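Notes follow once the structure below has been shown.
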Amino acid sequence: MSARRVILWRHGQTDLNVEQRIQGAQDFPLNDVGREQAARIAPEIAAVAPDRIISSPLSRAVDTTQRVVEIVGVPMELDGRLRERNYGEWEGLTRDEIKERDPEQFQVWIDGGYPEGLGVETNVDVGERVAEAVNEAADEMRTGTLLVVAHGAAIRAGVCALLGLGSENWSGFRGMDNCHFAILNRQENRNPGWCVHSYNQVIAPVNEPIESVRHANDK
């Protein structure tokens, strides 16, 4: 048995989000808007009644998670595998600053490749560690809902990895907005074992049953 549903929730807004600067693995707190976002969306998440909650250890994720913990009383578990993608030397910079500083590697990045020599973590590595954390936590549960609180690039990469998508197809998923979330439902005896219910969502489908998703061709 395993968790029947996983909710992957991105943290609220930070000042660097507003300035459109890459945060990556650096630890920046929520700003006033981000705290308000978390407080406003937390009751929607809580209404789904998560049975287990895991979070990135970065403060912007922890502070977002805490809003739900205060409502449902489920303890928060920290997992470093849920941290944001490490952007190496580009952290703290805007896209324009990166383009000016490293024009060739910037173009590689824009074209979907991986910049080299700058300490930028690959999407594949990010996806693998996030998927590992999610699957491990879900498999330790007999049923119910797992809440995962993380970061935009980490959630996108993790969802794609959980779906078994090759990295060349990841551009089909956009980034996750602040305090929005994705919902994946468990598929029994299917590969991949997860199916997208919704992505980049705000309003939680609180009245829908938590059950295994049937394949579209199963009548």
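What follows draws every value from the coordinates through simple rules; no lab data is involved. Here the structure is a predicted model, which means the values were calculated and not measured. Using ideal geometry, Cβ is built from the backbone for each residue, glycine included, and neighbour counts are taken over all protein chains shown.
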With the contact rule set at Cα under 8 Å and sequence spacing of 6 or more, what percent relative contact order holds for the chain?
30 percent
Take each of the peptides 49-61, 83-95, 14-26, 163-175, average the number of other beta-carbon atoms within 10 Å over its residues, and list them starting from the highest.
49-61, 83-95, 14-26, 163-175
For the stretch 62-166, what is the largest minus smallest coordinate of the Cα atoms on each principal axis, given in angstrom and ordered from greatest to least?
48, 29, 17
How far apart, in nm, are two points set 7 Å out from the Cα along the Cα-to-Cβ line at E36 and at I110?
3.4 nm
Per the helix-only model, the chain has a calculated mean residue ellipticity at 222 nm (DSSP H runs of ≥4, -39500 (n - 2.57) each, divided over all residues, rounded to the nearest 500) of -10500 deg cm²/dmol
Can you tell me how much longer the chain between N169 and L118 gets when fully stretched, taken as 0.36 nm per residue apart minus their C-alpha distance, in nm with one decimal?
16.0 nm
Where both residues lie in the stretch 38-178, what percent of DSSP beta bridges are antiparallel, nearest 5?
10 percent
With the cut-off at 31 Å, report for the chain the share of all Cα pairs above it, as a whole percent.
19 percent
Where labels lie 7 Å past Cα in the beta-carbon direction, separation of Q66 and K99 in nm:
3.8 nm
How far, in nm, would the chain grow between E128 and N189 when pulled straight, counting 0.36 nm per residue and subtracting the alpha carbon separation?
19.8 nm
